[in-house]
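Below is one structure, written out as structure tokens; the observations come after it.
The values are calculated or read from the model by the stated rules, or taken from the named source; none is laboratory data. Predicted model only: the values in this text are computed from it and were never measured. Note that we place each Cβ from the backbone using ideal geometry, even for glycine, and neighbour counts take in every protein chain shown.
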Amino acid sequence: MATLRIGGKSSSGPRGKTFSTPLRKRLWRDRWMYLFILPGLAYFLLFIYLPILGNFIAWKDYAPFVGLWESPWVGWANFELLFTDPDFQRALINTVQIEILQLVFAFPAPLALALLLHSIMSERLKRAIQSIVYLPHFLSWVIVIALWQQIFGGAGFINQLLANQDMDRINVMSNPDLFKPLVVLQSMWKDVGWGTIIFLAALTRIDTTLYEAAVIDGANGRRRLLDVTLPGIMSIIILLLILRMGSMFSTGFEQYFLQRNAVGPEAAEVIDTFVYTRAFQSGDWSFATAVGLVRGVVAAFMIIGANWLAKRFTGEGLL
């Protein structure tokens, strides 16, 4: 019997010989699969990997009218400016403060909601709640900010009620002191339902016999949560936490840019909006590129560090 190798595996032929399917035939055989892959592959090549080549302008004084190669080299001057530029320091502080609030309040919110939904016995009620809390995720930030403006803005619903009661108006949407808690609440309202999908899927994989054994041993609801539920989904929690740490300095753009003029850059300027305004409004392309490059490097180290700490203390990690 000969061996026929298909997709990297060998099959036996009638005369004890071994032969393989040529690469050209395998590509033609799987042509439709590769055709479906092409759009996603083209997206990553054109918008993710190809722009990486342009990061070398961080070491130049780049001017679009001069050109990439004719712009003079400035060495590490743009990176040194990171330590002295007050606008960048303000954006960095705002980003860190917002991300700490997101990590403390927004990150556990999907887990709490998933645990609550998991404890509901009525499937109809559970699905109804899921549908309601998932809906905001599919709204763009333009619509979300407009909705919040209609409710909490200067002429919004809340202030109309206060005015009818002869009370002072409170313009939450334009108050710089309330901006950071406000954006955290907006993120929670928009994405908490979507985040519960992963946790609900993880909760369904926990062996129900573990709960039965815990009940027999006399464990109450709190002990079952601490000894069965949380250990059963700990790997998912750590995975999402590591990924969250990697995106810590990428708070988003639309949410903050749409509210930047209302509260001022002192409160709403984050690294994403800083890169945009410095590059496209001020024309300082090289410095904006240096900021983005440093942010990417720091994010990579934060993922590595978070993964190392997770493996050291819990034994769970990405690798």
For this session: Go over the candidates Ala106, Ala114, Ala155 one by one and state the one that is assigned by TED's automatic domain parsing to the domain that holds Tyr256 and closer than 30 Å to Arg278 by Cα.
Result: Ala106
Seminar exercise, completed: Here the qualifying pairs (Cβ atoms under 7 Å; residues six or more apart or on different chains; first in the range 144-157 and surrounded by 18 or more Cβ atoms within 10 Å (Cβ to Cβ); second in a helix (DSSP H, G or I) and among the aliphatic types (A, V, I, L, M)) come out as Ile145/Leu258; Trp148/Met173; Gln149/Met173; Phe152/Ile158; Phe152/Val172; Phe152/Met173; Gly153/Met173
For this session: Look at Ala109 and say whether it is modelled with pLDDT of 90 or more, in contact with a Gly (Cβ under 8 Å, 6 or more places away or on another chain) and small (Gly, Ala, Ser).
Result: yes
Exercise. Assuming Leu135 fulfils every condition listed in (1) surrounded by 13 or more Cβ atoms within 10 Å (Cβ to Cβ); (2) closer than 27 Å to Met248 by Cα apart from one, which condition is it?
Worked result: (1)
Exercise. Does Ile93 fit the bill of being assigned to a helix (DSSP H, G or I), surrounded by fewer than 16 Cβ atoms within 10 Å (Cβ to Cβ), in the same structural domain as Leu239 (by TED's automatic domain parsing) and touching a Gly at 6+ places or on another chain (Cβ under 8 Å)?
Worked result: no
